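Peer 1: I am attaching a structure below and will ask some questions about it afterwards.
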Amino acid sequence: MTFAQKALARAAGKDYVEIGEIVNANVDVAMMDDILGPRIEIAQGLKELGVDIWDKSKVVVISDHYTPPCEIKQAEAVKFTKDWSLSKNVDYHEYEGPCHQVLAEACYDQPGTLVVGTDSHTCMSGAFGAFGTGIGSTEMLGVVATGQIWLKVPESFRIEWKNTLGKGVFAKDMVLYDCRTITHSGATYKALEYCGEAIRALSMDERMAISNMAVEMGAKAGYIPPDERTLDYLKAHGSTRPYALLYPDDDAEYERNYVNDAATLVPQVACPHHVDNVHDVTEVAGAHLTQVYIGSCTGGRISDLRTAAHVLKGKKAAKGLRFLVSPASREVYRMAMKEGILDVLIDAGATIVAPSCGLCLGAHTGILAGGESCISTSNRNFIGRMGSKDASVYLGSAATVAASAIEGRIADPRAYF
(Lines give C-alpha, C1' and ligand atoms only; values in the text may rest on other atoms or scores of the structure.)
Protein backbone atom coordinates (compact mmCIF):
# COMPACT_ATOMS: atom_id res chain seq x y z
CA MET A 1 0.00 0.00 0.00
CA THR A 2 0.91 3.65 -0.43
CA PHE A 3 1.04 5.93 2.59
CA ALA A 4 -2.46 7.23 1.79
CA GLN A 5 -3.82 3.69 1.74
CA LYS A 6 -2.16 2.84 5.05
CA ALA A 7 -3.25 6.05 6.77
CA LEU A 8 -6.88 5.74 5.69
CA ALA A 9 -6.93 2.01 6.44
CA ARG A 10 -5.77 2.82 9.96
CA ALA A 11 -8.37 5.58 10.30
CA ALA A 12 -11.10 3.23 9.09
CA GLY A 13 -10.00 0.36 11.35
CA LYS A 14 -9.13 -1.88 8.41
CA ASP A 15 -6.07 -3.90 7.44
CA TYR A 16 -6.30 -2.93 3.78
CA VAL A 17 -8.15 -0.45 1.57
CA GLU A 18 -8.29 -0.19 -2.20
CA ILE A 19 -7.45 2.97 -4.14
CA GLY A 20 -10.78 4.59 -4.98
CA GLU A 21 -12.56 2.96 -2.04
CA ILE A 22 -14.73 5.27 0.09
CA VAL A 23 -14.01 4.75 3.78
CA ASN A 24 -15.68 5.95 6.95
CA ALA A 25 -12.60 7.33 8.68
CA ASN A 26 -12.13 8.16 12.35
CA VAL A 27 -10.66 11.64 12.79
CA ASP A 28 -7.74 12.19 15.19
CA VAL A 29 -7.73 16.00 15.09
CA ALA A 30 -10.37 18.48 13.91
CA MET A 31 -9.17 22.06 13.50
CA MET A 32 -11.40 25.08 12.90
CA ASP A 33 -10.39 28.67 12.19
CA ASP A 34 -12.19 32.00 12.49
CA ILE A 35 -13.32 32.13 8.84
CA LEU A 36 -14.91 28.71 8.25
CA GLY A 37 -15.13 27.63 11.87
CA PRO A 38 -18.02 27.50 14.35
CA ARG A 39 -19.61 30.82 13.42
CA ILE A 40 -20.53 29.70 9.88
CA GLU A 41 -22.87 26.77 10.44
CA ILE A 42 -21.22 24.45 12.92
CA ALA A 43 -22.49 26.04 16.15
CA GLN A 44 -26.07 26.24 14.88
CA GLY A 45 -25.83 22.82 13.27
CA LEU A 46 -24.90 21.14 16.53
CA LYS A 47 -27.90 22.80 18.18
CA GLU A 48 -30.25 21.60 15.46
CA LEU A 49 -28.87 18.08 15.67
CA GLY A 50 -29.19 18.12 19.43
CA VAL A 51 -25.67 16.79 19.96
CA ASP A 52 -22.43 18.02 21.48
CA ILE A 53 -18.84 17.70 20.23
CA TRP A 54 -17.90 14.03 19.96
CA ASP A 55 -14.49 14.38 21.66
CA LYS A 56 -13.37 17.77 22.93
CA SER A 57 -9.78 16.64 23.35
CA LYS A 58 -9.53 16.22 19.57
CA VAL A 59 -10.93 19.63 18.60
CA VAL A 60 -8.79 22.77 18.37
CA VAL A 61 -9.97 26.22 17.29
CA ILE A 62 -7.54 28.91 16.11
CA SER A 63 -8.37 32.53 15.30
CA ASP A 64 -5.73 33.59 12.81
CA HIS A 65 -7.17 35.02 9.59
CA TYR A 66 -8.86 37.99 11.26
CA THR A 67 -6.37 38.68 14.06
CA PRO A 68 -5.86 41.48 14.77
CA PRO A 69 -9.26 42.57 13.38
CA CYS A 70 -9.30 45.67 11.19
CA GLU A 71 -13.07 46.10 11.01
CA ILE A 72 -16.15 45.36 13.12
CA LYS A 73 -17.19 42.27 11.13
CA GLN A 74 -13.79 40.70 11.67
CA ALA A 75 -13.88 41.57 15.37
CA GLU A 76 -17.32 40.00 15.73
CA ALA A 77 -16.15 36.85 13.96
CA VAL A 78 -13.20 36.48 16.33
CA LYS A 79 -15.39 37.21 19.35
CA PHE A 80 -17.94 34.56 18.36
CA THR A 81 -15.20 32.03 17.66
CA LYS A 82 -13.60 32.65 21.05
CA ASP A 83 -16.85 32.70 23.05
CA TRP A 84 -18.11 29.48 21.45
CA SER A 85 -14.78 27.69 21.91
CA LEU A 86 -14.51 28.62 25.57
CA SER A 87 -18.14 27.68 26.21
CA LYS A 88 -17.47 24.26 24.68
CA ASN A 89 -14.23 23.85 26.63
CA VAL A 90 -12.13 23.05 23.57
CA ASP A 91 -8.53 24.12 23.03
CA TYR A 92 -8.57 27.71 21.73
CA HIS A 93 -5.76 29.90 20.38
CA GLU A 94 -5.70 33.48 19.13
CA TYR A 95 -2.94 35.95 18.28
CA GLU A 96 -0.51 33.03 18.18
CA GLY A 97 -0.04 32.77 14.41
CA PRO A 98 -1.47 30.94 11.39
CA CYS A 99 -3.39 27.80 12.33
CA HIS A 100 -1.08 25.30 10.64
CA GLN A 101 1.99 26.57 12.50
CA VAL A 102 0.06 26.51 15.77
CA LEU A 103 -1.08 22.93 15.07
CA ALA A 104 2.54 21.90 14.60
CA GLU A 105 3.88 23.68 17.68
CA ALA A 106 1.03 22.38 19.87
CA CYS A 107 1.82 18.82 18.68
CA TYR A 108 -1.53 18.12 17.02
CA ASP A 109 0.42 16.99 13.95
CA GLN A 110 1.38 13.39 14.70
CA PRO A 111 2.70 10.68 12.36
CA GLY A 112 0.09 8.36 10.89
CA THR A 113 -2.91 10.31 12.16
CA LEU A 114 -5.86 11.84 10.28
CA VAL A 115 -6.00 15.62 10.66
CA VAL A 116 -8.81 17.63 9.08
CA GLY A 117 -9.21 21.40 9.15
CA THR A 118 -11.38 24.17 7.72
CA ASP A 119 -8.45 25.52 5.73
CA SER A 120 -7.06 24.07 2.54
CA HIS A 121 -3.45 24.19 3.77
CA THR A 122 -4.16 21.63 6.50
CA CYS A 123 -2.15 19.35 4.19
CA MET A 124 0.88 20.87 5.98
CA SER A 125 0.38 18.21 8.66
CA GLY A 126 1.87 15.81 6.11
CA ALA A 127 5.32 17.16 7.00
CA PHE A 128 4.99 15.07 10.17
CA GLY A 129 3.88 11.94 8.34
CA ALA A 130 0.18 12.60 8.97
CA PHE A 131 -2.69 12.51 6.50
CA GLY A 132 -3.74 16.15 6.74
CA THR A 133 -6.44 17.61 4.53
CA GLY A 134 -8.74 20.60 4.29
CA ILE A 135 -12.52 20.28 4.46
CA GLY A 136 -15.51 22.63 4.34
CA SER A 137 -17.78 23.75 7.16
CA THR A 138 -20.55 21.28 6.29
CA GLU A 139 -18.08 18.40 6.45
CA MET A 140 -16.67 19.77 9.69
CA LEU A 141 -20.15 19.81 11.25
CA GLY A 142 -20.35 16.09 10.56
CA VAL A 143 -16.88 15.56 12.02
CA VAL A 144 -17.46 17.45 15.28
CA ALA A 145 -20.81 15.68 15.73
CA THR A 146 -19.64 12.12 14.95
CA GLY A 147 -15.84 12.06 14.88
CA GLN A 148 -15.95 10.51 11.42
CA ILE A 149 -15.77 11.55 7.78
CA TRP A 150 -16.19 9.86 4.42
CA LEU A 151 -13.02 9.95 2.35
CA LYS A 152 -12.09 8.37 -0.95
CA VAL A 153 -8.71 6.68 -0.90
CA PRO A 154 -6.67 8.71 -3.40
CA GLU A 155 -4.18 7.71 -6.04
CA SER A 156 -0.66 8.82 -5.17
CA PHE A 157 2.19 10.58 -6.92
CA ARG A 158 5.73 9.73 -5.80
CA ILE A 159 8.08 12.73 -5.92
CA GLU A 160 11.75 11.99 -5.38
CA TRP A 161 14.31 14.76 -4.87
CA LYS A 162 17.80 13.31 -5.24
CA ASN A 163 21.16 14.90 -4.32
CA THR A 164 21.38 18.11 -2.25
CA LEU A 165 20.44 21.76 -2.74
CA GLY A 166 22.99 24.36 -3.75
CA LYS A 167 23.65 27.59 -1.87
CA GLY A 168 20.80 30.08 -2.00
CA VAL A 169 18.26 27.40 -2.96
CA PHE A 170 15.63 26.22 -0.50
CA ALA A 171 12.59 24.00 0.02
CA LYS A 172 10.31 26.75 -1.28
CA ASP A 173 12.13 26.53 -4.59
CA MET A 174 11.58 22.77 -4.62
CA VAL A 175 7.84 22.99 -4.15
CA LEU A 176 7.49 25.85 -6.63
CA TYR A 177 9.30 23.67 -9.15
CA ASP A 178 6.83 20.88 -8.38
CA CYS A 179 3.95 23.30 -9.01
CA ARG A 180 5.59 24.22 -12.30
CA THR A 181 5.92 20.56 -13.30
CA ILE A 182 2.63 19.11 -12.03
CA THR A 183 0.54 22.31 -12.57
CA HIS A 184 -2.10 23.81 -10.31
CA SER A 185 -4.64 21.04 -11.00
CA GLY A 186 -2.41 18.17 -12.07
CA ALA A 187 -2.66 16.40 -8.71
CA THR A 188 -6.34 17.02 -7.98
CA TYR A 189 -7.53 14.58 -5.30
CA LYS A 190 -4.18 12.80 -5.31
CA ALA A 191 -1.80 12.24 -2.41
CA LEU A 192 1.78 13.40 -2.88
CA GLU A 193 4.55 11.28 -1.35
CA TYR A 194 7.94 12.95 -1.06
CA CYS A 195 11.21 11.07 -0.73
CA GLY A 196 14.88 11.28 -1.58
CA GLU A 197 18.15 12.58 -0.19
CA ALA A 198 17.21 16.25 -0.52
CA ILE A 199 13.94 15.70 1.37
CA ARG A 200 15.66 13.81 4.19
CA ALA A 201 18.16 16.66 4.57
CA LEU A 202 15.45 19.28 5.13
CA SER A 203 14.65 20.74 8.54
CA MET A 204 11.11 20.39 9.85
CA ASP A 205 10.55 24.05 8.96
CA GLU A 206 11.36 23.38 5.33
CA ARG A 207 9.39 20.13 5.22
CA MET A 208 6.37 22.10 6.39
CA ALA A 209 6.83 24.55 3.50
CA ILE A 210 6.67 21.67 1.02
CA SER A 211 3.66 19.84 2.49
CA ASN A 212 1.83 23.15 2.92
CA MET A 213 1.72 23.72 -0.81
CA ALA A 214 0.56 20.26 -1.87
CA VAL A 215 -2.93 21.72 -2.26
CA GLU A 216 -1.57 24.25 -4.77
CA MET A 217 -1.30 21.29 -7.13
CA GLY A 218 -4.81 20.17 -6.18
CA ALA A 219 -3.57 17.41 -3.89
CA LYS A 220 -5.54 15.97 -1.01
CA ALA A 221 -2.46 15.39 1.13
CA GLY A 222 1.31 15.89 1.02
CA TYR A 223 3.32 13.27 2.94
CA ILE A 224 6.94 13.31 4.05
CA PRO A 225 8.20 10.15 5.82
CA PRO A 226 8.72 10.73 9.54
CA ASP A 227 12.23 10.18 10.91
CA GLU A 228 14.39 11.13 13.89
CA ARG A 229 14.12 14.79 12.96
CA THR A 230 10.33 14.53 13.13
CA LEU A 231 10.37 12.82 16.51
CA ASP A 232 12.96 15.26 17.88
CA TYR A 233 10.68 18.17 16.95
CA LEU A 234 7.72 16.56 18.70
CA LYS A 235 9.77 15.77 21.78
CA ALA A 236 11.13 19.32 21.95
CA HIS A 237 7.55 20.65 21.87
CA GLY A 238 6.34 18.32 24.62
CA SER A 239 4.33 15.86 22.54
CA THR A 240 2.19 13.38 24.47
CA ARG A 241 -0.34 12.37 21.79
CA PRO A 242 -0.33 8.87 20.27
CA TYR A 243 1.04 8.35 16.79
CA ALA A 244 1.77 5.61 14.27
CA LEU A 245 4.84 5.59 12.03
CA LEU A 246 3.50 4.68 8.60
CA TYR A 247 5.60 4.19 5.49
CA PRO A 248 4.66 3.12 1.96
CA ASP A 249 5.49 -0.44 0.94
CA ASP A 250 8.36 -0.97 -1.46
CA ASP A 251 5.96 -2.48 -3.98
CA ALA A 252 3.32 0.25 -3.67
CA GLU A 253 1.91 1.39 -7.00
CA TYR A 254 1.85 5.07 -8.00
CA GLU A 255 -0.09 6.84 -10.70
CA ARG A 256 2.98 8.94 -11.48
CA ASN A 257 6.64 8.99 -10.48
CA TYR A 258 8.70 12.17 -10.57
CA VAL A 259 12.47 12.28 -10.10
CA ASN A 260 14.04 15.72 -9.61
CA ASP A 261 17.67 16.73 -9.12
CA ALA A 262 18.12 19.19 -6.25
CA ALA A 263 21.72 19.84 -7.28
CA THR A 264 20.65 21.48 -10.55
CA LEU A 265 17.73 23.46 -9.11
CA VAL A 266 17.95 27.24 -9.19
CA PRO A 267 15.77 29.70 -7.23
CA GLN A 268 12.19 29.67 -8.51
CA VAL A 269 9.61 32.46 -8.71
CA ALA A 270 5.86 32.04 -9.24
CA CYS A 271 4.67 34.92 -11.40
CA PRO A 272 1.19 36.51 -11.59
CA HIS A 273 -1.44 35.22 -11.41
CA HIS A 274 -1.03 31.47 -11.00
CA VAL A 275 0.98 29.33 -8.60
CA ASP A 276 2.16 27.17 -11.48
CA ASN A 277 3.37 30.13 -13.56
CA VAL A 278 6.85 29.41 -12.26
CA HIS A 279 10.15 30.49 -13.78
CA ASP A 280 13.82 30.40 -12.90
CA VAL A 281 14.67 33.59 -11.02
CA THR A 282 17.10 34.53 -13.79
CA GLU A 283 14.19 34.77 -16.22
CA VAL A 284 12.25 37.28 -14.14
CA ALA A 285 15.03 39.14 -12.32
CA GLY A 286 14.55 42.89 -12.56
CA ALA A 287 10.75 42.91 -12.31
CA HIS A 288 9.67 46.05 -10.44
CA LEU A 289 8.35 45.79 -6.87
CA THR A 290 6.58 48.12 -4.46
CA GLN A 291 6.39 45.69 -1.53
CA VAL A 292 8.10 42.58 -0.18
CA TYR A 293 6.66 40.26 2.44
CA ILE A 294 8.25 37.54 4.56
CA GLY A 295 5.70 35.58 6.59
CA SER A 296 2.69 33.24 6.55
CA CYS A 297 2.31 29.54 7.34
CA THR A 298 4.53 28.83 4.33
CA GLY A 299 7.46 31.18 4.73
CA GLY A 300 7.58 32.88 8.12
CA ARG A 301 9.25 30.24 10.28
CA ILE A 302 12.47 30.79 12.20
CA SER A 303 14.60 29.25 9.43
CA ASP A 304 13.07 31.72 6.95
CA LEU A 305 13.79 34.67 9.22
CA ARG A 306 17.35 33.45 9.80
CA THR A 307 17.86 33.18 6.06
CA ALA A 308 16.48 36.67 5.49
CA ALA A 309 18.70 38.08 8.23
CA HIS A 310 21.74 36.43 6.63
CA VAL A 311 21.00 38.15 3.33
CA LEU A 312 20.08 41.51 4.86
CA LYS A 313 22.65 41.92 7.63
CA GLY A 314 24.39 45.27 7.23
CA LYS A 315 22.24 46.15 4.22
CA LYS A 316 19.20 48.32 3.58
CA ALA A 317 15.99 47.70 1.70
CA ALA A 318 15.58 49.82 -1.44
CA LYS A 319 14.24 53.31 -0.87
CA GLY A 320 10.47 53.57 -1.24
CA LEU A 321 9.88 49.84 -0.89
CA ARG A 322 7.47 48.57 1.78
CA PHE A 323 9.09 45.70 3.64
CA LEU A 324 6.81 43.69 5.95
CA VAL A 325 7.72 40.71 8.12
CA SER A 326 5.22 38.54 10.01
CA PRO A 327 6.76 35.75 12.12
CA ALA A 328 4.81 32.52 11.68
CA SER A 329 3.90 32.30 15.37
CA ARG A 330 4.41 33.83 18.78
CA GLU A 331 7.08 31.20 19.39
CA VAL A 332 8.91 32.14 16.20
CA TYR A 333 8.59 35.84 17.09
CA ARG A 334 10.18 35.19 20.49
CA MET A 335 13.01 33.12 19.00
CA ALA A 336 13.75 35.76 16.38
CA MET A 337 13.81 38.45 19.05
CA LYS A 338 16.20 36.49 21.28
CA GLU A 339 18.55 35.74 18.39
CA GLY A 340 18.68 39.39 17.33
CA ILE A 341 17.08 38.57 13.98
CA LEU A 342 14.34 41.17 14.36
CA ASP A 343 16.97 43.84 14.98
CA VAL A 344 18.73 42.90 11.74
CA LEU A 345 15.47 43.01 9.78
CA ILE A 346 14.35 46.29 11.37
CA ASP A 347 17.76 47.87 10.69
CA ALA A 348 17.32 46.82 7.06
CA GLY A 349 14.00 48.70 6.90
CA ALA A 350 11.46 46.01 7.80
CA THR A 351 8.27 46.60 9.75
CA ILE A 352 7.46 43.66 12.02
CA VAL A 353 3.72 42.88 12.12
CA ALA A 354 1.69 40.44 14.20
CA PRO A 355 1.83 36.68 13.60
CA SER A 356 -1.29 36.36 11.45
CA CYS A 357 -2.76 35.22 8.15
CA GLY A 358 -3.97 38.73 7.35
CA LEU A 359 -1.64 39.91 4.62
CA CYS A 360 -1.44 36.55 2.86
CA LEU A 361 -5.16 36.54 2.07
CA GLY A 362 -5.58 40.29 1.74
CA ALA A 363 -7.62 40.69 4.93
CA HIS A 364 -5.51 43.39 6.60
CA THR A 365 -1.98 44.57 7.49
CA GLY A 366 -0.47 45.56 4.17
CA ILE A 367 -2.87 44.79 1.33
CA LEU A 368 -1.94 46.00 -2.16
CA ALA A 369 -3.38 48.88 -4.16
CA GLY A 370 -3.97 48.78 -7.89
CA GLY A 371 -0.75 48.84 -9.89
CA GLU A 372 1.38 47.67 -6.97
CA SER A 373 3.49 44.53 -7.01
CA CYS A 374 4.79 42.33 -4.22
CA ILE A 375 7.03 39.31 -3.85
CA SER A 376 5.96 37.12 -0.95
CA THR A 377 6.99 33.95 0.86
CA SER A 378 3.31 32.93 1.10
CA ASN A 379 1.53 30.23 -0.89
CA ARG A 380 -0.87 31.88 -3.36
CA ASN A 381 -0.72 34.65 -5.92
CA PHE A 382 -4.22 34.59 -7.42
CA ILE A 383 -5.77 37.80 -8.78
CA GLY A 384 -6.89 39.87 -5.80
CA ARG A 385 -5.31 37.49 -3.30
CA MET A 386 -3.42 40.22 -1.43
CA GLY A 387 -5.63 43.19 -2.21
CA SER A 388 -6.51 44.91 -5.46
CA LYS A 389 -7.33 42.82 -8.53
CA ASP A 390 -5.02 45.17 -10.39
CA ALA A 391 -2.03 44.28 -8.22
CA SER A 392 0.59 41.64 -9.00
CA VAL A 393 1.91 39.01 -6.60
CA TYR A 394 5.06 36.93 -7.02
CA LEU A 395 6.09 34.02 -4.79
CA GLY A 396 9.59 33.05 -3.75
CA SER A 397 11.78 31.81 -0.92
CA ALA A 398 12.76 34.00 2.03
CA ALA A 399 16.19 34.35 0.43
CA THR A 400 14.73 35.54 -2.86
CA VAL A 401 12.42 37.98 -1.09
CA ALA A 402 15.25 39.36 1.06
CA ALA A 403 17.53 39.82 -1.95
CA SER A 404 14.67 41.50 -3.80
CA ALA A 405 14.17 43.86 -0.85
CA ILE A 406 17.74 45.07 -1.18
CA GLU A 407 17.55 45.62 -4.93
CA GLY A 408 13.95 46.90 -5.12
CA ARG A 409 13.21 44.40 -7.85
CA ILE A 410 13.16 40.62 -8.15
CA ALA A 411 16.72 39.42 -7.56
CA ASP A 412 18.71 36.21 -7.58
CA PRO A 413 19.59 35.41 -3.95
CA ARG A 414 22.61 33.24 -4.76
CA ALA A 415 24.81 36.31 -4.91
CA TYR A 416 24.31 36.71 -1.14
CA PHE A 417 25.51 33.24 -0.14
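The values are calculated or read from the model by the stated rules, or taken from the named source; none is laboratory data. The structure presented is a predicted model; accordingly, all values stated were derived computationally and were not measured. Cβ: placed from backbone, ideal geometry, glycine included. Neighbour counts: every protein chain shown. Accessible surface is based on the protein model in full, side chains and every heavy atom, while ligands, DNA and RNA are left aside. Shrake-Rupley method; radii C 1.70, N 1.55, O 1.52, S 1.80 Å.
Peer 1: Which pairs have Cβ atoms under 9 Å, sit 6 or more apart or on different chains, and link a residue in segment 190-213 that is aromatic (F, W, Y) to one that is modelled with pLDDT of 95 or more and open to solvent by 10 Å² or more (accessible area, probe 1.4 Å)?
Peer 2: As it stands, the answer is Y194/R158; Y194/E160; Y194/P225, since those pairs meet every condition given.
Peer 1: Pull out all pairs, ordered by first then second residue, where Cβ-Cβ is under 6 Å, the residues are six or more apart or on different chains, the first lies in segment 99-116 and is under 16 Å from N212 (Cβ atoms), and the second is assigned to a helix (DSSP H, G or I) and of a type in the set (S, T, N, Q).
Peer 2: Every condition considered, the pairs that remain are D109/S125; V115/S125.
Peer 1: Which residues, counting only those in segment 82-93, are crowded, with 19+ Cβ neighbours inside 10 Å and not aromatic (F, W, Y)?
Peer 2: The answer is S85, V90, H93.
Peer 1: Looking only at segment 87-102, count how many residues are touching a strand residue (DSSP E or B) at 6+ places or on another chain (Cβ under 6 Å) and not charged (D, E, K, R). Write out each step before concluding.
Peer 2: At the first step, the residues of segment 87-102 found to be touching a strand residue (DSSP E or B) at 6+ places or on another chain (Cβ under 6 Å) are 90-94, 99, 102.
Checking which are not charged (D, E, K, R) leaves us with 90, 92-93, 99, 102.
Result for segment 87-102: 5.
Peer 1: Specify which of the listed residues (L265, L321) is out of contact with any strand residue (DSSP E or B) (no Cβ under 6 Å at 6 or more places or on another chain), surrounded by 17 or more Cβ atoms within 10 Å (Cβ to Cβ) and more than 22 Å from M386 (Cβ to Cβ).
Peer 2: Working: L321 fails: more than 22 Å from M386 (Cβ to Cβ).
Being out of contact with any strand residue (DSSP E or B) (no Cβ under 6 Å at 6 or more places or on another chain), surrounded by 17 or more Cβ atoms within 10 Å (Cβ to Cβ) and more than 22 Å from M386 (Cβ to Cβ) holds for just one of L265, L321, which is L265.
Peer 1: For segment 340-355, state whether one or more residues are closer than 24 Å to V215 by Cα and either touching a strand residue (DSSP E or B) at 6+ places or on another chain (Cβ under 8 Å) or buried (at least 16 other Cβ atoms within 10 Å of the Cβ) (or both).
Peer 2: At the first step, the residues of segment 340-355 found to be closer than 24 Å to V215 by Cα are 355.
Still in the list and also either touching a strand residue (DSSP E or B) at 6+ places or on another chain (Cβ under 8 Å) or buried (at least 16 other Cβ atoms within 10 Å of the Cβ) (or both): 355.
There is at least one residue in segment 340-355 that is closer than 24 Å to V215 by Cα and either touching a strand residue (DSSP E or B) at 6+ places or on another chain (Cβ under 8 Å) or buried (at least 16 other Cβ atoms within 10 Å of the Cβ) (or both).
Peer 1: Against the conditions (1) within 28 Å of H364 (Cα to Cα); (2) touching a residue at least 40 places away in the same chain (Cβ under 8 Å); (3) polar (S, T, N, Q), where does N24 fall short? Just the number, please.
Peer 2: (1)
Peer 1: Here's a follow-up. With (1) crowded, with 18+ Cβ neighbours inside 10 Å; (2) assigned to a helix (DSSP H, G or I) as the list, and C107 as the residue in question, which single condition is left unmet?
Peer 2: If we test C107 against (1) crowded, with 18+ Cβ neighbours inside 10 Å; (2) assigned to a helix (DSSP H, G or I), just (2) comes out false.
Peer 1: Does V332 satisfy being in contact with a Lys or Arg (Cβ under 7 Å, 6 or more places away or on another chain), among the hydrophobic types (A, V, I, L, M, F, W, C) and under 19 Å from F417 (Cβ atoms)? Step through it out loud before you land on a result.
Peer 2: Working: in contact with a Lys or Arg (Cβ under 7 Å, 6 or more places away or on another chain): yes; among the hydrophobic types (A, V, I, L, M, F, W, C): yes; under 19 Å from F417 (Cβ atoms): no.
So V332 fails the test.
Peer 1: Return yes or no: is D250 open to solvent by 40 Å² or more (accessible area, probe 1.4 Å) and assigned to a loop (DSSP other than H, G, I, E, B)? Please lay out each step first, then the result.
Peer 2: Numbers: open to solvent by 40 Å² or more (accessible area, probe 1.4 Å): yes; assigned to a loop (DSSP other than H, G, I, E, B): yes.
Criteria met by D250.
Peer 1: Return the only residue of I346, I375, I367 being at pLDDT 95 or above, closer than 14 Å to Q291 by Cα and of a type in the set (V, I, T). Walk me through it before giving the result.
Peer 2: On the way: I346 fails: closer than 14 Å to Q291 by Cα; I367 fails: at pLDDT 95 or above.
Only one candidate qualifies: I375.
Peer 1: What helices (runs of 4 or more DSSP H) completely inside segment 111-213 contain at least 1 residues that are open to solvent by less than 10 Å² (accessible area, probe 1.4 Å) and within 30 Å of L49 (Cβ to Cβ)? Break it down stepwise before answering.
Peer 2: Details: elements: 137-146, 171-182, 197-200, 204-212.
Once the helices (runs of 4 or more DSSP H) in segment 111-213 are filtered for at least 1 residues that are open to solvent by less than 10 Å² (accessible area, probe 1.4 Å) and within 30 Å of L49 (Cβ to Cβ), what remains is 137-146.
Peer 1: Same structure again: Filter segment 377-417 for residues that are assigned to a helix (DSSP H, G or I) and among the charged types (D, E, K, R); which is nearest to T298 (Cα to Cα)? Outline the logic, then answer.
Peer 2: Of all residues in segment 377-417, those assigned to a helix (DSSP H, G or I) come to 398-407, 413-416.
After this cut, where a residue has to be among the charged types (D, E, K, R) as well, the list is 407, 414.
Values: E407: 23, R414: 21 Å.
Ranking the candidates gives R414 first.
Peer 1: Of T290, T240, which residue is modelled with pLDDT of 95 or more and at negative phi? Even if it seems obvious, please write down each step before you answer.
Peer 2: Working: T240 fails: modelled with pLDDT of 95 or more.
Among T290, T240, only T290 is modelled with pLDDT of 95 or more and at negative phi.
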